[in-house]
Structure formats: C-alpha cells, structure tokens
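Worksheet for the structure shown next.
Since every read-out is calculated from the coordinates, none of them should be taken as a lab result. Keep in mind that what you see is a predicted model, and the values were worked out from it rather than measured. Here the Cβ positions follow ideal geometry from the backbone for every residue, glycine too, while neighbour counts run over all protein chains shown.
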C-alpha cells in the first residue's frame, strides 16, 4: 500500500509541476492557505470542489493543502483557478513533456474563466503577433486523444462563447466548452 500512495503522489505532483511551469502558477501574494483553497475551489461545482484535493505551488514544489477523497485536484495558476481529473493531469504532463497524451478523455473545470492563451501555439506564455490569443469566460475542457475525433470548430480565432478546439492539428488539441451564466 505505501508504494501505491507514493506512485499516486508522484502522478499528481509531476503534472502539476509541469502545469505550473507553463501557467506560471505561483502563490498569490497575501493569500493565506484558507483564502487560496477557497479560491481554488471556485473552479468547479461545489459537489466536485468540496471533496477535491487542493494543492499549491510554494518555492517550486507542490504543497497539498487538503487531501480530497474524489479524483479531482484543484489549484490556482496565472490562467486562473482550475480543477482537473486524473486523465487531464496525465494530459498536462504529456503536453509539457512533448509526449503522447493519454488515449482517454480527461476533464478540466475553469468556472471562473481564464486569463487567456494562444489558440495555435501550445507553449506560448503571452500574447504575441500571430499566436491568436483567446480569453474565455467560464468553461470546461475535454482533453486527450479522443478529442481529435470530435467535430468542433477548429479555427485559429474562435468565438469564445461557443465550443471550439484549441491547438488544432497538434497532439494536444482540446475542446473548450463555454458555459453561460444564469441571469438572476
């Protein structure tokens, strides 16, 4: 059993380190662990976030603030709060290591939206001429090789209010499914 726990911890920490490397996730100044956890948990519906593991990057290493009992892991990065399932975390690791992503469908919640990313360059870290920077409001993402068989729009300048494929033509294609806000 101890080996299984170590493997599971490694499986969580490696993709998070990779994700944090590109997303630039860092401990927000002034956020206590409680404030950070509350913010991370806003990425997913309460029934998912409540039982998720909450992690934070501190000085380049992953710190677990709360061990959850479902398969989701929530964190805050420069792209915003996000909660990922285990396949999505494998996909992030593959993306960062330029290796083959899982041939399964993974899921990521970003119910606060994101701060933007290139629609064409999987490794762009800031807007630049020709990299088609797109900012999307509240959304969920489907990741993994099965996305390549899905028939969503694959344009470099998508309408971020409608479903679309990011990084079309690469191994790291993923579908963004924007969510509408309910009006009061």
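Under the rule a/c < 1.5 gives rounded, and otherwise a/b versus b/c splits prolate from oblate, where does the range 24-103 land using the Cα gyration tensor?
Numbers: a/c = 2.07, a/b = 1.30, b/c = 1.59.
Oblate is the answer for the range 24-103, as a/c is 1.5 or above yet b/c matches or exceeds a/b.
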For residue 150, placing the label point 7 angstrom along Cα-to-beta-carbon and taking the range 78-119, residues whose amide nitrogen sits under 13 Å are 88, 104-110
With R₀ set to 30 angstrom, the calculated FRET efficiency between the beta-carbons of residue 115 and residue 47, to the nearest 0.05, is 0.70
The extension gain from residue 70 to residue 177, computed as 0.36 nm times the residue separation minus the Cα-Cα distance, is 36.3 nm
note: the range 96-184, Cα-Cα separations exceeding 18 Å make up a percent value of 43 percent
